[in-house]
Ligand SMILES: Nc1ncnc2c1ncn2[C@@H]1O[C@H](COP(=O)(O)OP(=O)(O)OP(=O)(O)O)[C@@H](O)[C@H]1O
Ligand SMILES: [Mg+2]
């Protein structure tokens, strides 16, 4: 059984059919890319699967269980984490505090409330801090641990978001344009980091305009155009698909 099954998924915003009747499956352990021109519906698809939007039609199943319409919190606890195309970092907090937010998101809210009344919170916070520091090391940001986020370079903030998502201990991570706005050296660093995340056993779903990175990392690729599924397959299959060449690669090459 696939880890994620999406069937006939649609969302309409008034007259805008942002995602239309899209179906695909993602097996556990792979890197799956979603590509398509600006406005194709990639971020909207992520928003649907991560609980930001409720579908107008269609089914989303994680491990066979329907998750369509569940909240981002609930999905985080089921192992679904994400980063955002437009950074969502708390700029007045330190880097490590931002990562600890991710860890808090995965804990049961009521348990956390209860924990606040007991001295053991100190030990738990120390544990979460150690865990967060380990993740900062994993993404190559340990030297920024106590820096305020607003004092960090943009490229580092992109990786900080990945660390925060990893703090949720996800099975499935959605990365929305992790290399957008990065220089070639930073792009290679993110490419290597995504590979490391996948090698750690987390299933990766990637939206990215950098085709070199997409082709290098992905086991399978979904191509969206005007909210619809245009093609799906391996990098080779997608690259050779005449519809893709006409609608997307042709227009961008
Ligand atoms: N909340 C919303 N309300 C109305 N329209 C929306 C909303 N969210 C997305 N859309 C529309 O849905 C379409 C798809 O947008 P989306 O952001 O998913 O594209 P994208 O493929 O991520 O593009 P990009 O590559 O530029 O990030 C666009 O026409 C957009 O204007
Ligand atoms: Mg987008």
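Computed from the coordinates by the stated procedures, all read-outs in this text should not be read as laboratory data. Quantities reported herein were computed from a predicted structural model and do not represent experimental measurements. All Cβ positions, even for glycine, are placed from backbone atoms using ideal geometry, and neighbour counts span all protein chains on display.
The overall shape of the range 50-97 is prolate: from the C-alpha gyration tensor, with semi-axes ordered a ≥ b ≥ c, the ratio a/c is 1.5 or greater and a/b exceeds b/c.
Can you tell me the length gained on complete extension of the stretch residue 188 to residue 127, counting 0.36 nm per residue apart and subtracting the Cα distance?
Values: separation 61, 0.36 × 61 = 21.96 nm, distance 3.15 nm.
Fully extending the segment from residue 188 to residue 127 adds 18.8 nm.
Each residue, residue 234 and residue 86, gets one label point 7 Å from its Cα in the Cβ direction; the gap between the two is 3.9 nm.
Indicate, rounded to the nearest 5 percent, the antiparallel portion of the DSSP beta bridges found entirely in the chain. Intermediate results must be reported in sequence, preceding the final value.
On the way: 20 of 36 bridges.
Of those bridges, close to 55 percent are antiparallel.
Between the Cα long axis of helix 154-166 and the first principal axis of the chain there is an angle of about 80°, rounded to the nearest 10.
Helix 120-138 axis versus longest C-alpha principal axis of the chain: approximately 50°, rounded to the nearest ten.
Give the calculated FRET efficiency between residue 245 and residue 219 to the nearest 0.05, with a Förster radius of 22 Å applied to their Cβ-Cβ distance.
Result of the calculation: an efficiency of 0.55.
Peptide packing for 88-94, 78-84, 100-106 was compared via the average number of neighbouring C-beta atoms within 10 Å per residue; ordered from the highest value, the list is 78-84, 100-106, 88-94. Label zone (residue 150, point 7 Å along Cα-to-C-beta; backbone nitrogen cut-off 19 Å) within the range 69-107: 87-99.
Legend: P(r) of the chain from all alpha carbon pair distances, 5 Å bins from 0, whole percents, reading 1, 6, 13, 17, 18, 16, 12, 8, 4, 2, 1, 0, 0.
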